[in-house]
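In what follows, a single structure is set out as structure tokens and then discussed.
The values are calculated or read from the model by the stated rules, or taken from the named source; none is laboratory data. On a predicted model such as this, the values are computed, not experimentally measured, just so you know. For neighbour counting, all protein chains shown are included, and Cβ atoms are generated from backbone atoms with ideal geometry for every residue, glycine included.
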Amino acid sequence: MVSPEIADYIHRPLDTEVNAIGGRYVFTDEFRMPFSGRELYYLVGHALFDSTCCGFGGCRYALVQGFIREWKKKTNSEGQFITTVERVMDKKEQKEIEELNNGSIVVNQIKFM
């Protein structure tokens, strides 16, 4: 049985807008960053909320996929690369990563998968 902390991430094209119920979002960048002797993988993007019933807004965010275990180890039937990651489950590590927001990751919010 595979651990829930281990997951496959399917690389999708950057700069491709995705429409959602309340607006739209796009991932613009992907990063690999050294962190505590491991390599962290995350995406940066922005969202625009302009079709909600309660107003409009937007944000720039990072979506942390996790620590890289196997980089682009294979492709799926659509030719998209698949990377195996270990999710960042430790709250202390999450806090340390969030504190990087004042330096290398400049976003409004950081979310962990």
Is it the case that the range 4-14 has a residue that's closer than 19 Å to Lys95 by Cβ and either touching a residue at least 12 places away in the same chain (Cβ under 8 Å) or polar (S, T, N, Q) (or both)? yes
Evaluate the following for Phe81: is it out of contact with any Phe, Trp or Tyr (no Cβ under 7 Å at 6 or more places or on another chain), surrounded by 15 or more Cβ atoms within 10 Å (Cβ to Cβ) and not charged (D, E, K, R)? no
Quick one: in the range 9-26, which of the residues that are assigned to a strand (DSSP E or B) and either among the β-branched types (Val, Ile, Thr) or at pLDDT below 95 (or both) is surrounded by the most Cβ atoms within 10 Å (Cβ to Cβ)? Tyr25
Could you tell me which of the residues Gln65, Gln94 is assigned to a helix (DSSP H, G or I) and of a type in the set (S, T, N, Q)? Gln94
Any chance you could count how many residues in the range 1-28 are in contact with a Phe, Trp or Tyr (Cβ under 6 Å, 6 or more places away or on another chain) and under 18 Å from Ala62 (Cβ atoms)? 3
For the subset of the range 44-76 comprising residues that are at pLDDT 95 or above and out of contact with any Lys or Arg (no Cβ under 9 Å at 6 or more places or on another chain), which member is nearest to Lys111 (Cα to Cα)? Arg69
Only one of (1) of a type outside the set (Lys, Arg); (2) within 22 Å of Tyr25 (Cα to Cα); (3) surrounded by 15 or more Cβ atoms within 10 Å (Cβ to Cβ) fails for Phe67. Which number is that? (2)
